[in-house]
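Have a look at the structure below before the remarks.
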Amino acid sequence: MLNQRTGVIAVVFYGALAVVLAGIHLGLWSTALPGGAGASVDYNSEGFFVALVLALWVQFARPRLIGWVKQWPVTLLAGAVCAVAGVALYLGDWPSQVKTLNESLLAAGVAIVYLQHSRPISMGKALVCSGAIALVPIVWGTNEAVGNLAEGVGLLVLVPLAFDIVDRGILEPAASTSPAVRYFWYGLLVSTFVGVSVLMHSGQLNGWTYAAAHYVNRSHECIIGVLLVQIYFAVGLKRTGLAHQPATVEKPPRVVRPAV
């Protein structure tokens, strides 16, 4: 049951995402916002969409499925539905505002299966998962399909890092988390988003540096999506687990000797 504060924050968060996405698909922001702001909002539709899907799953679906005998059939079905919908959007003749969501749906189908696993998941396993996905564009970066799936690949790289290393408290209330690490991560995501965009427009990149920056720049929608979900749960709903407490060495009790 949502308490009053949580309910208000949830209404504001999901309502804002719904309004932004509706405005994108109705073509409102390009005329309502000045300068290039409208185009920027439209361009990042996948980030807002994936934030909506992952947040709804984590907050409402995941806790209701845990412990249920049909947890995994339902989870796998949800993942398959997302994947099939993504393929249908990719292959079908849809408006561009809708068709562009195919990568987000494909990646979200994999992400919700990962998120449903019981916690804790060790940081080592999370790093292996993230690193294995990160190798895909490094090894097969020239493959057209891998290039077209940049947003989805980026999302699957970030999800293990975000939920099982930085903000473990979102899925595991008893996890130990560090506020300093959390806010450093948020700043890193924002600076990566801005910094890569600036580099791409600088004209100073070439060769492999341009290819790497271009791939990261193409996947920046997933940065928006993951960051929004983390801030909603960790900052808005205070799902931060247990504050990190440095280890302390207990001193032995002082022995008072009787006077002779």
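The values are calculated or read from the model by the stated rules, or taken from the named source; none is laboratory data. Keep in mind that this is a model prediction, so the values were computed, not measured. No Cβ is skipped: glycine too gets one built from the backbone with ideal geometry, and neighbour counts run over all protein chains shown. For the accessible areas, the whole protein counts, side chains as well, though only heavy atoms, and no ligand, DNA or RNA atoms are used. Shrake-Rupley method; radii C 1.70, N 1.55, O 1.52, S 1.80 Å.
Pairing the Cα long axis of helix 123-140 with the longest principal axis of the chain, what angle in degrees results, from 0 to 90 and rounded to the nearest 10?
Helix 123-140 and the main axis of the chain meet at about 20 degrees.
Please enumerate, by chain and number, the aspartates and glutamates with C-alpha under 13 Å from the C-alpha of residue 238, excluding those fewer than 8 residues away in the same chain.
Once the sequence-local aspartates and glutamates are set aside, what remains near residue 238 is 167, 172.
Using the crude model of +1 on Lys and Arg Cβ and -1 on Asp and Glu Cβ, and no other charge, please compute the dipole size for the chain relative to its Cα centre, in debye to 20.
It comes to approximately 1260 debye.
Simple spin-label model, 7 Å along Cα-to-Cβ: residue 66 to residue 217 in nm?
Computed distance between label sites residue 66 and residue 217 equals 4.1 nm.
Could you report the range 117-187's accessible area per residue, 1.4 Å probe, as an integer in Å²?
48
Under 5 Å between amide hydrogens, which residues at least 5 positions from residue 176 or on another chain qualify, with H placed 1.01 Å from N in the peptide plane?
Placed amide hydrogens put 242 under 5 Å from residue 176.
Once the dipole of the chain is set up with Lys and Arg at +1 and Asp and Glu at -1 on Cβ about the Cα centre, which of 157, 118, 173 lies farthest towards its positive end?
Selected residue: 173.
Would you mind classifying the range 34-110 by shape? Square roots of the alpha carbon gyration tensor eigenvalues, ordered a ≥ b ≥ c; an a/c under 1.5 is rounded, otherwise it is prolate if a/b is larger than b/c and oblate if not.
Taking the square roots of the gyration eigenvalues as a ≥ b ≥ c, the range 34-110 is oblate.
Quick one: angle between helix 4-25 and the longest Cα principal axis of the chain, in degrees between 0 and 90, rounded to 10, please.
The answer is roughly 20 degrees.
Where does the chain land at 222 nm, in deg cm²/dmol rounded to the nearest 500, when only DSSP H runs of n ≥ 4 count, each adding -39500 (n - 2.57), divided by all residues?
-20500 deg cm²/dmol
With every protein chain kept in the model, how would you rank 57, 68, 140 by accessible area, 1.4 Å probe, largest at the top?
The residues order as 140, 68, 57, largest area first.
Computed from the coordinates I sent, Cα extents along the principal axes in Å equals one of [x] 95, 48, 38; [y] 51, 40, 39; [z] 75, 57, 30. Tell me the label.
It is the one labelled [x].
Projected onto the charge dipole of the chain (+1 at Lys/Arg Cβ, -1 at Asp/Glu Cβ, origin at the Cα centre), which of 89, 39, 59 gives the Cα projection farthest towards the positive end?
59
What distance in nm separates the two pseudo spin-label positions at residue 128 and residue 114, each 7 Å out from Cα along the beta-carbon direction?
Each label point lies 7 Å from its Cα, and together they span 1.5 nm.
In straight Cα distance, which aspartates and glutamates are under 20 Å from residue 99, not counting same-chain residues fewer than 8 positions off?
Partners found: 42, 46, 144, 151, 221.
When the distances between all Cα atoms of the range 1-70 are binned every 5 Å from zero, what whole-number percent does each bin get?
Result returned by the calculation: 3, 15, 19, 19, 15, 12, 9, 5, 2, 1, 0.
Just reorder 58, 87 by solvent-accessible area, largest first, 1.4 Å probe, all chains present.
87, 58
For the range 151-220, give the percent of accessible area contributed by carbon and sulfur heavy atoms, probe 1.4 Å, rounded to a whole number.
The computed percentage sits at 72.
Hey, rough spin-label estimate for residue 12 and residue 188, points 7 angstrom out along Cα→Cβ, what's it come to in nanometres?
Result: 2.8 nm between the two label points.
Expressed as a rounded percentage, what relative contact order does the range 54-116 have, with Cα pairs under 8 Å and six or more residues apart?
Relative contact order comes out at 41 percent.
Is the range 162-214 best put as rounded, prolate or oblate by its Cα gyration tensor, with a ≥ b ≥ c the root eigenvalues, rounded for a/c under 1.5, and otherwise prolate when a/b is larger than b/c, oblate when not?
Prolate is the answer for the range 162-214, as a/c is 1.5 or above and a/b outweighs b/c.
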